[in-house]
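A short write-up of the structure that comes next.
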Amino acid sequence: MASGLRIALLQLLAREKTANILQKAEQYISEAANNGAKLAILPELFTTECHPPIFVQKKESIPEGETSEFISHLAKKHSMHIIAGSIAEEIKGSEKMKNTSAVFNPKGELIGKYTKMHSFDVDMGENFSIHESDWFEHGNNTLTFETDECKIGVGICIDLRFPEVSRYYTEQGCLLHVYLGAFSQEKTGPAHWDVLLRARAIDNQVYVAACSPAADHTHHYVAWGHSAVVDPWGKIISQADGKETLIYADLDMNYLNRVRQQLPVEKIRRKDLYHLTYKW
Ligand SMILES: O=C(O)CCC(=O)C(=O)O
């Protein structure tokens, strides 16, 4: 297995027309491929912005929809893995949708789908009440996939708050945990985003990459942005601000192994006293 992996995170701005967003994604993915990235990651709900009437208006099928087909074409063209952010996935015969991510391999084949497992149903006062489960059915499964460099696990946004999910991915051997997220600029972004990303990386001694949409103050819900990559020691090695941008990180699996050797939490863990049971 190779020891290094360059990844690219596309912090895209959700524009009105899907075609315009995909055009920007194409520009960034082509730039990333030219710069040696082997994995490109797009944000949560990147074609719709986080606003229910827009989800309904722009929902799509996976993998037959406009967005999936285009990202599949880009994966094949540039011979790279792409985690196609998430989109509002149509459920035939239902008014509800799913918040689903699709992963394509370098042949452009769909190798997995992940539907967000936890719903962001919160009431934080001051006009900040969100009840995601009114719009989206939650998923009941996880998603891992293999690249030449490492195994990868995928989560979406609030999934980041649940160490059980990342623990499972670690037990499955995932050395990179990817989150597609749109924390809010107003509330949880500045308070929790970096801390949670660093915590998951330190808990599991893995790389964590999290890709957010760019912040746009004309949107109903302003995403925090600040897409980031954290190393297994908990250090942020690459981070955006709020603006639309493309960021990179080089993941070094030899470094990850050194961290695990020097601070062997897996060996120290009291497996005789506790363990998690998963029902997915
Ligand atoms: O957990 C958070 O603070 C934000 C979560 C969120 O925005 C979401 O899951 O859509």
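Structure values in brief
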{"read-out": "Sequence-separation-based contact order of the stretch 16-116, relative, with Cα cut under 8 Å and 6+ spacing, percent", "value": "26"}
{"read-out": "Paramagnetic reach from VAL56 in the stretch 116-146 [backbone N under 12 Å; point 7 Å along Cα→Cβ]", "value": "135"}
{"read-out": "Positive minus negative residues near GLU44 (Lys, Arg vs Asp, Glu; Cβ under 11 Å)", "value": "-1"}
{"read-out": "Reachable lysines from LYS59, criterion Cα separation under 19 angstrom, eight or more residues apart if same chain", "value": "LYS17, LYS92, LYS96, LYS98, LYS113, LYS116"}
{"read-out": "Cα-based reach from LYS267 at 29 Å (exclusive), listing lysines while leaving out same-chain residues under 8 positions away", "value": "LYS151, LYS235, LYS279"}
{"read-out": "Radius 11 Å from Cβ of SER79, net charge of other residues (Lys, Arg +1; Asp, Glu -1)", "value": "+4"}
{"read-out": "For peptides 254-265, 238-249, sequence by mean Cβ density within 10 Å, most packed first", "value": "238-249, 254-265"}
{"read-out": "Sequence-distant residues sharing a close amide H with MET117 (under 5 Å, placed H)", "value": "GLY139, ILE156"}
{"read-out": "Order by protection proxy (mean Cβ within 10 Å, highest first), peptides 213-226, 20-33", "value": "213-226, 20-33"}
{"read-out": "Gain on full stretching of the segment that runs from THR245 to ASN20 - 0.36 nm per residue minus C-alpha separation", "value": "79.5 nm"}
{"read-out": "Between the stretch 152-218 and the stretch 64-85, the Cα center-to-center distance that results, in Å", "value": "22"}
{"read-out": "Highest to lowest packing among 142-150, 8-16, 34-42, scored as the average C-beta count within 10 Å", "value": "8-16, 34-42, 142-150"}
{"read-out": "Amide H within-cut-off set for PHE136, under 5 Å, with H built and near neighbours excluded", "value": "MET97"}
{"read-out": "Computed lengthening from SER94 to LYS235, 0.36 nm per intervening residue step minus Cα-Cα distance", "value": "46.4 nm"}
{"read-out": "Cross-link reach list, aspartates and glutamates versus LYS38, counting only Cα pairs under 14 Å and skipping chain neighbours closer than eight places", "value": "GLU146, ASP148, GLU149, ASP250, ASP252"}
{"read-out": "Relative contact order, percent, the chain [alpha-carbon distance under 8 Å, six or more residues apart]", "value": "19"}
{"read-out": "Isotropic mean projected area of the C-alpha convex hull, the chain (nm²)", "value": "14.4"}
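A short reminder: the numbers here are calculations on the coordinates, not readings from a lab. As the structure is a prediction and not an experimental result, all values here were calculated from the model. A quick note on method: Cβ atoms are made from the backbone with ideal geometry, for glycine too, and the neighbour counts reach across all protein chains shown.
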